[in-house]
Amino acid sequence: MATIAHETPRTATPVNYLNVEHGWKSWLFTTDHKRIAVLYLVSITIMFAVGGFAAVLFRINLLTPEGLFSPEMYNRLFSLHGIIMVFFFLVPSIPATLANFLIPIMVGAKDLAFPRINLLSWYLYVIGALFAMYCVFRGGVDTGWTFYAPYSSTYSNSYVVPAVAGVFVAGFSSILTGLNFIVTVHKMRAPGMTWSRLPLFVWSNYATGLIQVLGTPVLAISLTLIALERVAHVGIFDPNIGGDPILFQHLFWFYSHPAVYIMILPGMGVISEIVSCFSRKRVFGYNFVAFSSMAIAVLSFVVWGHHMFVTGQSVYTSVAFSILSFMVAVPSAIKVFNWTATMYKGSVSFDTPMLYAFGFIGLFTIGGLTGLFLACLALDVPVHGTYFIVAHFHYVMVGGMVMAYMGGLHFWWPKMTGRMYPQVWSQISAAIIFVGFNLTFFPQFILGYLGMPRRYHAYPPEFQMLNVLSTAGSSILAVGYVIPLIYFLWSLKNGPIAGKNPWGAAGLEWQIQSPPTTYNFDDTPVVNEEAYNYGPVEEVVG
Amino acid sequence: MTAHIPKVRPLVLVWASLIVLTGITSAVSKIDLGEWNVVVALIIAVTKASLVAWIFMGVRYTTTLTKLFVVAGLVWLGIMLLITASDYKSRNWTYQGQPWSQTKTVGGSH
Amino acid sequence: MAETVVPVTHEPTPEETHLRHHFATPEQQMDAATLGMWTFLITEVLFFGGMFAGYAVYRGMYPDAFASTSRYMNLVLGGTNTAVLICSSLTMALSVRAAQLSKRRDLILFLILTMIFGTIFLVIKGFEYHDKWVEQLVPGFNFRYDEAIQYAHNAQILFFLYFAMTGMHALHMVVGLGLLTFLLVQANRRVFHANYFAPVEMIGLYWHFVDIVWIFLFPLLYLIGQNR
Ligand SMILES: [Cu+2]
């Protein structure tokens, strides 16, 4: 279905979650999951802008081999970028906004299981973000987003403690979000909404919730120990008293590798929804896709040592981690195969969300396959700590997760706001993002392969051409992100009224009004069909 | 509500066992069992913790789902402890000579 | 136990069970609370687990240095505190029972007893910290380890872990006492009864969990090296 049925604007907008109350208090004290999702949307957009601005600045620094800024400035910029983007954008991005908005609706509930805890999680996020901003205004932090000891605990002269405190608090916000999702999926499903009828978006966010709950506390304690060590000037990661800095890496990556899946699993869920809708087909191999989310969540916890192949970690442990890391490729590949199979012989249309889904599948595949290079013990040694790694995880995180996030926003925007955005502009900006992204990060694969190390403010002159290309790409990418911001804001007042179901999609969220009412459903829905019940392709007139 | 209401007797019995086990573990710690001291101490601690969880926290009377969650939490703790320990345990194993004729030496100095 | 059980003669109203709008039944609300609390406790297990991992690694690396600290650990105070916490767990369990049976006076009594035990624990802990300070055993602030000089460096790791682990545990106790105060106020206002006792039960779970942490801290910190 390529056309979109716009309803004619009505004079009186029906009561919905947006217009039911007014004033700042109705927002700051709300317990409505949809309003909290909007609060999150605004906050993470601000943080994304801050993190993106830092990225543009240090890309400018890398235009010349000598670097335009001081090394100290450069170190603070890339650390700021990493910390903000990982902990304050990617981790909460889809779970706290789209999933917060959609999970109760998709399972047929009035709200998440713990609405007040949901609000608390937003406040914790804001407090964490304020700590991070305080750190920036005091002069920033230069440890990179990984806070490796003993640099972070002993030697760094930057403001490590406020940054660590910010991440700590934001971590608890993430835990509470995950906890809420887990309990909601277990206990709040509507009659007839069995596990095998759950949308795959719910499955993937459930798996994400498990990781958030099981992993984040370990990050919290490892950062606490770093902060204690800075305060006491002695600690368990301090080699002077026999401490082992590598232990910090164990604890840190016990969270931070699974965190990579906190950042990608929700995106995979979005892609399942979009691909199914715009192919007019049930997702191929539903059970496998659902199961692969759970498999990824479990496997993600036993591969963390692939970040430590060159640290002095036991070779035997490294071998085990290497083999286990290869295994993660299996469930990831299952997903890619199944999305492709879903499109096969489907009635595929090219609306904006689907363009982002295409972008996701292609870029995530490149990011995933280069991940196999890095899981390979012998191959990781030369490329470790080079731009190859940087390119790899940006293909997964930006090419994957941000693409999915944008795709999801474009898919559910009419549901969240009741308004449609301009199609042409959104398609143009999707194309700009795709081009800008590849121009930014593909050269970094080559740079890394040629041996340019990451996190250096200067480089040998022969790398300049590729660096200039990358910087040029990053400015195109920035333009690509600004355009949606403009038309989304524009659409709030001027966009055509979207109606209940502008895409003709299946799923409970498309059967209620746009924007939904505060309690989502007038009566508790009773579910008696599978997810993605699109019927035979031939019957759809499109 | 259909919640399980515990009886006083089992609660007091668990309390008494916990006190007795605390005494035992303190006493045993004074006896030199070599490496077994820590093993005994941990077995007693696990027993005590299980008693608290099983009766005081009522795991015994909860749903299978809750039990599953408890077990999952412990398994994840085990994953973290065991894999981390595997690194430290095997870090000083060294190859001697060619990889195909290597012998292992366990342990080593720190 | 002077009060008698108030028999439930009618279907409880939503007000009585504090049923929130988004739940269909009180059972669903209670199930969600229970699962949520256990999920939270799992996060706590892994939070403390990070420090236990550190403990395990360094104890394996420096067994002798760790054992050399035994003469600075006060077994009497540590053992007393273990017993005190076990008693508080019993009174906490009895509080939940009292709430389930609508025995308000018992509930208040047992909550107060639990708080007294909790406070005794913290006071004893305070004395221990004071002793450590006087004996100059606080890493980073006044650490001197003259007796076994060859262990001076590595023993610091144990004392760092000692303060980090017991400190984090004490912090949880303080939070627990705050939560118990909240329960006490609510109990006094007759909020809890046979149809509504979820907060008592949930905070009880938390309190027992904090007890379990101590059950492991006691042998690992106080009982190592006692055999020498
Ligand atoms: Cu990883």
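The values are calculated or read from the model by the stated rules, or taken from the named source; none is laboratory data. The shown structure was predicted, so the numbers you read here are calculated from the model rather than taken from an experiment. As a convention, Cβ positions derive from the backbone with ideal geometry for all residues, glycine included, and neighbour counts pool all protein chains shown. Only protein heavy atoms, including side chains, enter the accessible area calculation; ligands, DNA and RNA are left aside. Shrake-Rupley method; radii C 1.70, N 1.55, O 1.52, S 1.80 Å.
Per-structure values
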{"quantity": "Test for A:LYS345: is it buried (at least 24 other Cβ atoms within 10 Å of the Cβ) and more than 16 Å from the ligand (Cβ to nearest atom)", "calculated": "no"}
{"quantity": "Matching entry among A:ILE236, A:ILE241 (being touching a Leu at 6+ places or on another chain (Cβ under 9 Å) and either within 16 Å of the ligand (Cβ to nearest atom) or at pLDDT below 95 (or both))", "calculated": "A:ILE236"}
{"quantity": "Residue selected from the range A:244-253 under the condition open to solvent by less than 10 Å² (accessible area, probe 1.4 Å) and within 14 Å of the ligand (Cβ to nearest atom), by the criterion nearest to C:ALA152 (Cα to Cα)", "calculated": "A:HIS250"}
{"quantity": "Some residue of the range C:126-149 being within 11 Å of chain A (Cβ to nearest Cβ), of a type in the set (Val, Ile, Thr), assigned to a helix (DSSP H, G or I) and closer than 20 Å to A:VAL234 by Cα", "calculated": "no"}
{"quantity": "Residue check, C:THR119 in a helix (DSSP H, G or I), under 30 Å from C:ILE42 (Cβ atoms), at pLDDT 95 or above and open to solvent by 50 Å² or more (accessible area, probe 1.4 Å)", "calculated": "yes"}
{"quantity": "C:GLU27 vs. criteria open to solvent by 20 Å² or more (accessible area, probe 1.4 Å) and outside any helix (DSSP H, G or I)", "calculated": "no"}
{"quantity": "Counted residues, the range B:15-36 - those being open to solvent by 80 Å² or more (accessible area, probe 1.4 Å), among the β-branched types (Val, Ile, Thr) and part of a helix (DSSP H, G or I)", "calculated": "1"}
{"quantity": "Any hit, the range A:131-138, residues being charged (D, E, K, R) and at pLDDT 95 or above", "calculated": "no"}
{"quantity": "Among (1) touching a residue at least 24 places away in the same chain (Cβ under 8 Å); (2) open to solvent by 30 Å² or more (accessible area, probe 1.4 Å); (3) more than 9 Å from chain B (Cβ to nearest Cβ); (4) in a helix (DSSP H, G or I) - the single one C:GLU201 does not satisfy", "calculated": "(3)"}
{"quantity": "Pair list, Cβ < 8 Å and 6+ apart or interchain, from the range A:254-266 residues that are away from every other protein chain (no Cβ under 14 Å) and open to solvent by 10 Å² or more (accessible area, probe 1.4 Å) to residues that are within 9 Å of the ligand (Cβ to nearest atom) and among the aromatic types (Phe, Trp, Tyr)", "calculated": "A:VAL260/A:PHE393"}
{"quantity": "Test: B:THR63 is closer than 23 Å to C:ALA198 by Cα and either surrounded by fewer than 14 Cβ atoms within 10 Å (Cβ to Cβ) or of a type in the set (Val, Ile, Thr) (or both)", "calculated": "yes"}
{"quantity": "Within the range C:219-228, considering residues that are in contact (Cβ under 8 Å) with a residue 60 or more places away in the chain and crowded, with 24+ Cβ neighbours inside 10 Å, the one farthest from the other protein chains (Cβ to nearest Cβ)", "calculated": "C:TYR222"}
{"quantity": "Subset of the range A:318-332 (residues that are of a type in the set (Gly, Ala, Ser) and away from the ligand (no atom under 14 Å from the Cβ))", "calculated": "A:ALA320"}
{"quantity": "Single residue of the range A:267-317 satisfying the filter (among the polar types (S, T, N, Q), more than 15 Å from the ligand (Cβ to nearest atom) and farther than 19 Å from A:LEU508 by Cβ) that is farthest from the other protein chains (Cβ to nearest Cβ)", "calculated": "A:SER279"}
{"quantity": "Within the range A:318-355, considering residues that are charged (D, E, K, R) and within 17 Å of A:TYR534 (Cβ to Cβ), the one nearest to the other protein chains (Cβ to nearest Cβ)", "calculated": "A:ASP351"}
{"quantity": "Conditions (1) open to solvent by 40 Å² or more (accessible area, probe 1.4 Å); (2) on the phi < 0 side of the Ramachandran plot: number failed by A:MET420", "calculated": "(1)"}
{"quantity": "Count of residues meeting criterion [open to solvent by 10 Å² or more (accessible area, probe 1.4 Å) and over 13 Å from A:LEU176 (Cα atoms)] in the range A:207-227", "calculated": "2"}
{"quantity": "Residue under evaluation C:GLU11, criteria (1) free of Cβ contacts under 8 Å to residues at least 60 places away in the same chain; (2) more than 12 Å from chain A (Cβ to nearest Cβ); (3) in a helix (DSSP H, G or I); (4) open to solvent by 40 Å² or more (accessible area, probe 1.4 Å), criterion not met", "calculated": "(3)"}
{"quantity": "The range C:31-78: number of residues that are more than 7 Å from every other protein chain (Cβ to nearest Cβ) and over 24 Å from C:LEU161 (Cβ atoms)", "calculated": "2"}
{"quantity": "Some residue of the range A:68-77 being surrounded by fewer than 22 Cβ atoms within 10 Å (Cβ to Cβ) and either in contact with a Ser or Thr (Cβ under 6 Å, 6 or more places away or on another chain) or closer than 25 Å to A:ILE483 by Cβ (or both)", "calculated": "no"}
{"quantity": "The range A:76-120: number of residues that are of a type outside the set (A, V, I, L, M, F, W, C), touching a helix residue (DSSP H, G or I) at 6+ places or on another chain (Cβ under 9 Å) and part of a helix (DSSP H, G or I)", "calculated": "11"}
{"quantity": "A:VAL390 vs. criteria surrounded by fewer than 24 Cβ atoms within 10 Å (Cβ to Cβ) and in a helix (DSSP H, G or I)", "calculated": "yes"}
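One line per residue, one yes/no per condition, for (1) touching an Asp or Glu at 6+ places or on another chain (Cβ under 9 Å); (2) aliphatic (A, V, I, L, M); (3) open to solvent by 20 Å² or more (accessible area, probe 1.4 Å):
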{"residue": "A:PRO460", "(1), (2), (3)": "no, no, yes"}
{"residue": "A:LEU466", "(1), (2), (3)": "no, yes, yes"}
{"residue": "A:THR471", "(1), (2), (3)": "no, no, no"}
{"residue": "A:ALA478", "(1), (2), (3)": "no, yes, yes"}
{"residue": "A:LEU485", "(1), (2), (3)": "no, yes, yes"}
{"residue": "A:LYS493", "(1), (2), (3)": "no, no, yes"}
{"residue": "A:GLY504", "(1), (2), (3)": "no, no, yes"}
